[in-house]
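Below is one structure, written out as structure tokens; the observations come after it.
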Amino acid sequence: MKRERAAAIVSRAKGLAAGIWWLLGVSLSAILLFPERSAPAEVSQGAQIAATCASCHDPAGGGQAIPPIAALDERAIVKAMLAFRASENPSLVMHAVALSLSDDELAATARYLADRAKAGRQP
Ligand code: HEC
């Protein structure tokens, strides 16, 4: 009697585990099949790129030699980056940074940084 109950519990647990794996598989293939439609993928791309900005720009918004970007809005960031890319605003460092990002990457990074600023958190 006891053993039967244990077996029933084990088989229910196995069924649950299989269900979880199935769900994981479905969501993973959705992410792999439709990367461009997945907003979280864009957010994490922005987050990853923004982490490289933080090596120079103080994420807390401080810093004197390097201007803070933590409080800039999305448009201001994109505008500044396009100016750096076109060398309208001459800075060797930021020219290289701006050239290294595609338009999509730049948009994702600017949105991420601006959203973080808006949320009152630091990038
Ligand atoms: C290697 C250091 C370095 C990295 C990495 C870096 N920056 Fe900069 N950034 C600078 C410096 C230095 C300036 C000041 C340039 C100037 O105008 O002389 C600057 C200026 C800027 C400005 C203009 C700010 C203002 O108010 O004038 C923006 C916007 C900016 N960076 C965005 C970014 C973004 C976005 C990233 C990441 C994709 C990034 N930076 C990565 C060094 C860096």
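General observations
- Among the residues of the stretch 88-104, those identified as within 10 Å of the ligand (Cβ to nearest atom) and in a loop (DSSP other than H, G, I, E, B) are 89, 90, 91, 101.
- Of the helices (runs of 4 or more DSSP H) lying entirely inside the stretch 1-87, those carrying at least 2 residues that are at pLDDT 90 or above are 39-53, 74-85.
- The residues listed here are 98, 65; of these, the one that is touching a helix residue (DSSP H, G or I) at 6+ places or on another chain (Cβ under 9 Å) and among the aliphatic types (A, V, I, L, M) is 98.
- The lone criterion from (1) modelled with pLDDT of 75 or more; (2) more than 8 Å from the ligand (Cβ to nearest atom); (3) more than 27 Å from residue 120 (Cβ to Cβ) left unmet by residue 107 is number (3).
- Contact map, the stretch 95-113: residues that are free of Cβ contacts under 8 Å to residues at least 60 places away in the same chain paired with residues that are aromatic (Phe, Trp, Tyr), Cβ distance under 6 Å, separation 6+ or inter-chain. Pairs shown: 95/84; 98/84.
- Any chance residue 98 is over 15 Å from the mean Cα position of the chain (by Cα), closer than 16 Å to residue 53 by Cα, in the same structural domain as residue 46 (by TED's automatic domain parsing) and buried (at least 16 other Cβ atoms within 10 Å of the Cβ): yes
- Matching residues, the stretch 67-87, being within 9 Å of the ligand (Cβ to nearest atom) and closer than 16 Å to residue 43 by Cβ: 77
- Residues (part of a helix (DSSP H, G or I), more than 8 Å from the ligand (Cβ to nearest atom) and either crowded, with 19+ Cβ neighbours inside 10 Å or not assigned by TED's automatic domain parsing to the domain that holds residue 44 (or both)) located in the stretch 110-123: 112, 114, 117
The values are calculated or read from the model by the stated rules, or taken from the named source; none is laboratory data. Keep in mind it's a predicted model, so treat the numbers as computed, not measured. Please note: Cβ atoms are built from the backbone with ideal geometry, for glycine as well, and neighbour counts cover all protein chains shown.
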